Each structure stands twice: as C-alpha cells, then as structure tokens.
1. Looking only at residues that are open to solvent by less than 60 Å² (accessible area, probe 1.4 Å) and part of a strand (DSSP E or B) in segment 5-18, which one is modelled with the lowest pLDDT?
2. If you go through segment 19-48 one residue at a time, how many are in contact with a Leu (Cβ under 9 Å, 6 or more places away or on another chain), without any contact (Cβ under 8 Å) to a residue 60 or more places away in the chain and open to solvent by 40 Å² or more (accessible area, probe 1.4 Å)?
3. Quick test of your reading of the structure: ASN98 fulfils all but one of (1) surrounded by 20 or more Cβ atoms within 10 Å (Cβ to Cβ); (2) of a type in the set (S, T, N, Q); (3) under 19 Å from LEU132 (Cα atoms). Name the failing condition by number.
4. With within 19 Å of ARG134 (Cα to Cα) and modelled with pLDDT of 95 or more as the only criterion, which of ASP47, ASP92, ASP56 stands out?
5. For segment 113-124, what are the residues that are without any contact (Cβ under 8 Å) to a residue 60 or more places away in the chain and touching a Ser or Thr at 6+ places or on another chain (Cβ under 6 Å)?
6. Would you tally the residues in segment 65-83 being of a type outside the set (A, V, I, L, M), within 17 Å of MET135 (Cβ to Cβ) and crowded, with 16+ Cβ neighbours inside 10 Å?
7. Sort out which residues of segment 49-64 are hydrophobic (A, V, I, L, M, F, W, C) and surrounded by fewer than 16 Cβ atoms within 10 Å (Cβ to Cβ), and write them in order of number.
8. Would you mind stating whether ASP110 is farther than 11 Å from ILE19 by Cα, touching a residue at least 12 places away in the same chain (Cβ under 8 Å) and in contact with an Asp or Glu (Cβ under 8 Å, 6 or more places away or on another chain)?
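The values are calculated or read from the model by the stated rules, or taken from the named source; none is laboratory data. Model, not experiment: these values are computed from the prediction. So basically every Cβ, Gly included, is an ideal-geometry build from the backbone, and we count neighbours across all protein chains shown. The protein model used for the area step is the full one, side chains on, heavy atoms only, and it has no ligands, DNA or RNA in it. Shrake-Rupley method; radii C 1.70, N 1.55, O 1.52, S 1.80 Å.
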Amino acid sequence: MGLVDGTVLQVGQETHLLIKAANNITNGKAIMAVGVDGNNILGDICDTSISGWINDYFLGIATQDIASGDFGYVTLYGKVRDLNTTSYSIGDVLWVDNNNPGELTTTHPDVGTPHIKVAAVTVVSDVAGEILIRMEIYPFLHELSDVNNGTPVTGDVIRF
C-alpha cells in the first residue's frame, strides 16, 4: 500500500506510526516521542540521556526521511530499507545506542542504562541494506508490575 512520500506499507507484514517531525529526521534513525501537536505525535531523534528518560518515549525506527514540521512514518514492526548496513553482518542484533542519539549499535547496553533491542540486520549493503524491526524494551526495576521496594539503597535485595 502506497503511503506519504513513496513509503510502502507491506500490509500484514509491517506496522507503521504516522508522526510529525519536531526536527529533520533521517531514514533508519531511532525515534522518540517528544510531545504532541494537536492530534499528532511529535517525533524526534531518540536521546536516552535526557533528564527523566522513560522507555515509553521510544517509538520505533524512521522508515523515510522526514523534514522538520512534515509528517512521515516510523516502523514499529517490519522492515526498514535503503540503509547503509556495511558496518554490520547479517543477523546482527541492533540496540538503541545510549551514547549516540538516533543511532543503533550491536553493543549490549551497560547496566543501569535503557535496554531497547530494536532490530536484526537482514541485508548488508551500502545503499540497499535492510533491518527487521522487532522491538523488545527491557523495563527498569521501578517499571515492573508487582514490585514495591520503596526507596532502594545499595545492597538491598529484592525477593518474591
């Protein structure tokens, strides 16, 4: 199904979200929600280092270039194409890079930082690379249900 600006939705194989770009966004970048504009979600380059970061801010991966103020699509599940994936190998698992806003990395995140597993590399190419988006967001302890530890301090043990 053809969408805005030539984006194609593979019906039954992909899920997209229409956002309004708060700034210029490039195809393949990790995207987060930064607010709303009327009935529209405002998206921008994902920066997990912002003060007060919560995993719920993460939206997905841009599936097209989107100019500031324009509308475009973020892939929640499915393939993002036309990427330079030459720094990866087929099958590499990609995480949101906590050190480089909007980027993906094969490096497992450090303890105490957001753990957002995003994709696997399916095609390695300098211009026609593809990644398969299948997000897994690992919650922080305070985001788990059925957990109440008050104000934890170093050395506390949690048990069920």
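1. Step by step, filter segment 5-18, then rank; the result is HIS16.
2. Residues flagged as in contact with a Leu (Cβ under 9 Å, 6 or more places away or on another chain), without any contact (Cβ under 8 Å) to a residue 60 or more places away in the chain and open to solvent by 40 Å² or more (accessible area, probe 1.4 Å) within segment 19-48 amount to 5.
3. Only one criterion in (1) surrounded by 20 or more Cβ atoms within 10 Å (Cβ to Cβ); (2) of a type in the set (S, T, N, Q); (3) under 19 Å from LEU132 (Cα atoms) is unmet by ASN98, namely (3).
4. On the way: ASP47 fails: within 19 Å of ARG134 (Cα to Cα); ASP56 fails: modelled with pLDDT of 95 or more.
Testing whether each residue is within 19 Å of ARG134 (Cα to Cα) and modelled with pLDDT of 95 or more leaves just ASP92.
5. VAL121, VAL124
6. Total meeting the criteria: 4.
7. Across segment 49-64, the qualifying residues are ILE50, ILE54.
8. No, not satisfied.
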